[in-house]
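Working notes, beginning with the structure itself.
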Amino acid sequence: MTARGTALLLAVALLACTPRPQPVTVSTGDPAFRELAAQIIEDAFRRSPGFATYRGVHRYDDRLDDFSASAILEDVARARGFRQRLDMIDPAALSDEAKLDREVLLREMDSLVLELDVVRSWARDADSYTRVATDAVFSIMKRNFAPAADRLKLVIAREKQIPALLAQARVNLDNPPRVFTETAIEQNDGVQNFFRTDLPLAFADVTDRALLTEFRQANGAVLNALADYKRWLQTDLLPRSNGSFALGAQSYAALLSASNMIDAPLDVLLRIAETDRVTNERAFVEAADAVDRTRSTEEVLAIVAGRHPTPQALLSTTQNVLDSLRDFITAKNLVTIPPSAPPARVQETPPFMRTTSTASMDTPGPWETTASEAYFYMTRPDPRWKAAEQEAYMRGWYDQMILNVAVHEVYPGHYLQFLYAKSYPSDVRRVFSANSNSEGWAHYVEQVMVEEGFRADDPAYALAQRQDALLRDVRFIVGIKMHTQGMTIDEAAALFESQAHQPAPVARAEAIRGAGDPLYGYYTMGKLAILKLRNDYRALKGNAYTLKDFHDTFIRLGPLPLPLVRQAMLGQRGQLF
């Protein structure tokens, strides 16, 4: 048995064998549960100060995550302790809302133990350390939640801890997968550029000379530490990066269950994924025929993909389409859009995120009271690439695909979720989320927009929506196969090219992402579960059913695991897919 298999069995045994005391009267009812939930949330913020800042909690803005051996052991012990205390609360004495939140927290504690004890990213992923450091500083830099000079002081405080963080990485990293180390090396230049260029520019208006001197010293130390870290990655860690990125079937299934409450056997999930892929491929071909029936599907896609903005115009082109999405949603009465903060601003993906993200939504946290900026990040091709490589990449950003991604990230996707976040029923749901819910919703609404007639006169838009659906289907498939059936990165990239119709650079990036994001099939898993829930909700409501009511009811519940959403909306969980 491998060391990872042994670790899995140990972790699962420890989870299963944790004493399960019978509920006691002193720990029953909502007040006891909410007090414990508040402690768990505060512990999450303490463990991950950057996450706290992102959520709009500023109590830990001068700190960084602690990856020392003692801290990791303490975090595992604390998670098990919290789980035991959650077990002591009698669910029968809780309100319906608290029952749902208790299950969320039980799963979160299981997920944390599995991550730290079994997946062990802290021992395998060299990029996770630079990502923690950069995200922690970026979260202070990007939003004006305090005067610039005050935020710069916080940046300095975090920067002073980064060299020690990178030194700890050298202690922790042990036979990582080669692709993880290669990614960390590739990302390092973008990280250095962020600290060298972007960060000083963000605080150009600060005039306090003593503070600026302190910043230059701290920032210089970070740049030196990053350069040293890259050299160490290249000369020391890379030659001994011989580990497997694959989790194995047991770990994959355990993580999927803990994080998303999806317990279907992996062979069943693969059949579901393949069935959806075939359905979307058929619709993709039909959309291509509607564009031009005289050409092959690939010829039609090539023509459509050739109609894209330049890399320089990508951001402005995207910004210009957002109003049309909101207008359509309002006209069709698809979902209630709360009074919004300032519109989402399209910006280029920060360089240190380029390798693993093509588009993403970055919204202020639910506790943020001052800074309301929301950023829709889009990734342009690396300017260091040759012209042909940049052109190949931009073919993935053709005009209709930009629209579909904007649906996913902004309206009625992630930005709409953000607009509801402050009114979620509990703090638990403002902190913890199931990706199959949040990403499933954003992928689901892509299909809704086509169903409801958005750009109905443009069959290339339906083509784009189905191409993105195929991308998510292939993520579903390769996520399982890469981590449980020995599929290689090259094989995964080839599948993204042939079955998701992706350009080679995008296909490669998607395969690399799958090595480190094993559950990224949650887009399609979530979409299919929401479609099943919609049908069941329609049957329950009968003549009282409306699509707007379904959407409003769903999104107001917050990002619960989808079986819990079914419980809340239908009164029973039933079959997920």
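The values are calculated or read from the model by the stated rules, or taken from the named source; none is laboratory data. Because the structure is a prediction, the values reported are computed rather than measured. Glycine also receives a Cβ, built like all others from the backbone with ideal geometry; neighbour counts cover every protein chain displayed. When the accessible area is computed, the model is the full protein with side chains, heavy atoms only, and any ligands, DNA or RNA have been set aside. Shrake-Rupley method; radii C 1.70, N 1.55, O 1.52, S 1.80 Å.
With respect to residue 456, is the statement that it is buried (at least 23 other Cβ atoms within 10 Å of the Cβ), modelled with pLDDT of 95 or more and among the small types (Gly, Ala, Ser) true? Even if it seems obvious, please write down each step before you answer.
Values: buried (at least 23 other Cβ atoms within 10 Å of the Cβ): no; modelled with pLDDT of 95 or more: yes; among the small types (Gly, Ala, Ser): yes.
No, not satisfied.
Filtering 207, 197, 235, 183 for residues that are part of a loop (DSSP other than H, G, I, E, B) and of a type in the set (Ser, Thr, Tyr) leaves a single hit, 207. In the range 213-241, the qualifying residues are those that are in contact with a helix residue (DSSP H, G or I) (Cβ under 7 Å, 6 or more places away or on another chain) and of a type outside the set (A, V, I, L, M), and the one that is most open to solvent (accessible area, probe 1.4 Å) is 234.
For every residue, the table says whether it meets (1) free of Cβ contacts under 8 Å to residues at least 60 places away in the same chain; (2) of a type in the set (Asp, Glu); (3) in contact with a Lys or Arg (Cβ under 7 Å, 6 or more places away or on another chain).
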position	(1), (2), (3)
398	no, no, yes
402	no, no, no
405	no, no, no
408	no, no, no
413	yes, no, no
416	no, no, no
422	yes, no, no
429	no, no, no
434	no, no, no
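Which one of 304, 285, 268, 335 is within 30 Å of residue 109 (Cβ to Cβ) and either surrounded by fewer than 15 Cβ atoms within 10 Å (Cβ to Cβ) or more than 22 Å from the chain's Cα centre (by Cα) (or both)?
Numbers: 304 fails: within 30 Å of residue 109 (Cβ to Cβ); 285 fails: within 30 Å of residue 109 (Cβ to Cβ); 335 fails: within 30 Å of residue 109 (Cβ to Cβ).
After ruling out the rest, the residue left standing is 268.
It is to be established whether one or more residues within the range 241-249 are among the aliphatic types (A, V, I, L, M), in a helix (DSSP H, G or I), over 29 Å from residue 348 (Cβ atoms) and modelled with pLDDT of 95 or more. Scanning the range 241-249, I find at least one residue that is among the aliphatic types (A, V, I, L, M), in a helix (DSSP H, G or I), over 29 Å from residue 348 (Cβ atoms) and modelled with pLDDT of 95 or more, so the answer is yes. Looking only at residues that are in contact (Cβ under 8 Å) with a residue 12 or more places away in the chain and part of a loop (DSSP other than H, G, I, E, B) in the range 107-147, which one is surrounded by the most Cβ atoms within 10 Å (Cβ to Cβ)? Restricting to residues being in contact (Cβ under 8 Å) with a residue 12 or more places away in the chain and part of a loop (DSSP other than H, G, I, E, B), the top hit is 126.
Please determine, by comparing only the residues of the range 288-301 that are among the β-branched types (Val, Ile, Thr) and open to solvent by 40 Å² or more (accessible area, probe 1.4 Å), which one is farthest from residue 349 (Cα to Cα). So, considering only residues that are among the β-branched types (Val, Ile, Thr) and open to solvent by 40 Å² or more (accessible area, probe 1.4 Å), the one farthest from residue 349 (Cα to Cα) is 294. A count restricted to the range 82-101 and to residues that are closer than 28 Å to residue 251 by Cβ, surrounded by 19 or more Cβ atoms within 10 Å (Cβ to Cβ) and of a type outside the set (Asp, Glu) stands at 4.
I'd like to know if the range 57-73 contains one or more residues that are surrounded by fewer than 18 Cβ atoms within 10 Å (Cβ to Cβ), of a type in the set (Lys, Arg) and closer than 21 Å to residue 41 by Cβ. Yes: the range 57-73 contains one or more residues that are surrounded by fewer than 18 Cβ atoms within 10 Å (Cβ to Cβ), of a type in the set (Lys, Arg) and closer than 21 Å to residue 41 by Cβ. Among the residues making up the range 307-322, those that are in a helix (DSSP H, G or I) and within 25 Å of the chain's Cα centre (by Cα) are 311, 314, 315, 316, 317, 318, 319, 322.
When the residues of the range 481-518 are narrowed to those that are within 15 Å of residue 247 (Cβ to Cβ) and in contact with an Asp or Glu (Cβ under 9 Å, 6 or more places away or on another chain), which ends up surrounded by the fewest Cβ atoms within 10 Å (Cβ to Cβ)? Only one residue fits best here, namely 516. A count restricted to the range 307-323 and to residues that are open to solvent by 40 Å² or more (accessible area, probe 1.4 Å) and over 24 Å from residue 501 (Cβ atoms) stands at 5. Looking at the range 412-433, which of the residues that are modelled with pLDDT under 95 and in a loop (DSSP other than H, G, I, E, B) is surrounded by the fewest Cβ atoms within 10 Å (Cβ to Cβ)? Looking at residues that are modelled with pLDDT under 95 and in a loop (DSSP other than H, G, I, E, B), I get 423. Only one of the numbered conditions (1) modelled with pLDDT under 95; (2) over 24 Å from residue 398 (Cβ atoms); (3) open to solvent by 30 Å² or more (accessible area, probe 1.4 Å); (4) of a type outside the set (Val, Ile, Thr) is not met by residue 263, and that is (1). Residues in the range 380-404 that are outside any loop (DSSP other than H, G, I, E, B), open to solvent by 20 Å² or more (accessible area, probe 1.4 Å) and under 21 Å from residue 344 (Cα atoms): 399, 400. Among residues of the range 286-306 that are outside any helix (DSSP H, G or I), those with a Cβ under 6 angstrom from a residue that is surrounded by 14 or more Cβ atoms within 10 Å (Cβ to Cβ), sequence gap 6+ or separate chain, pair up as 292/300.
For the subset of the range 201-212 comprising residues that are touching a helix residue (DSSP H, G or I) at 6+ places or on another chain (Cβ under 7 Å) and not aliphatic (A, V, I, L, M), which member is surrounded by the most Cβ atoms within 10 Å (Cβ to Cβ)? Explain how you work it out, then say what you get.
In the first step, residues of the range 201-212 are kept if they are touching a helix residue (DSSP H, G or I) at 6+ places or on another chain (Cβ under 7 Å); the result is 202-203, 205-206, 208, 211.
Those still in the list that are not aliphatic (A, V, I, L, M) too: 203, 205, 208.
Values: 203: 16, 205: 8, 208: 13.
Taking the candidates together, the pick is 203.
Is it the case that some residue within the range 434-441 is modelled with pLDDT of 95 or more, closer than 29 Å to residue 190 by Cα and assigned to a loop (DSSP other than H, G, I, E, B)? Break it down stepwise before answering.
Quick first cut of the range 434-441, residues modelled with pLDDT of 95 or more only: 434-441.
Narrowing further to those that are closer than 29 Å to residue 190 by Cα: 435, 438-439.
Imposing the further condition that a residue be assigned to a loop (DSSP other than H, G, I, E, B) reduces the set to none.
No: zero hits.
Among the residues of the range 529-577, which ones are open to solvent by 30 Å² or more (accessible area, probe 1.4 Å), of a type in the set (Gly, Ala, Ser) and within 21 Å of residue 97 (Cβ to Cβ)? Those that are open to solvent by 30 Å² or more (accessible area, probe 1.4 Å), of a type in the set (Gly, Ala, Ser) and within 21 Å of residue 97 (Cβ to Cβ): 568, 571, 574.
In the range 496-555, of all residues being in contact (Cβ under 8 Å) with a residue 12 or more places away in the chain and basic (Lys, Arg), the one that is nearest to residue 396 (Cα to Cα) corresponds to 508.
Considering each residue of the range 440-462, count those that are touching a residue at least 24 places away in the same chain (Cβ under 8 Å) and farther than 19 Å from residue 336 by Cα, and give that number.
Here is the first cut: in the range 440-462, the ones touching a residue at least 24 places away in the same chain (Cβ under 8 Å) are 440-449, 452-455, 458-462.
Next, only the ones that are farther than 19 Å from residue 336 by Cα stay: 455, 458-462.
Summing the residues that are touching a residue at least 24 places away in the same chain (Cβ under 8 Å) and farther than 19 Å from residue 336 by Cα in the range 440-462 gives 6.
From the list 345, 293, the lone residue that is of a type in the set (D, E, K, R) and in contact with a strand residue (DSSP E or B) (Cβ under 6 Å, 6 or more places away or on another chain) is 345.
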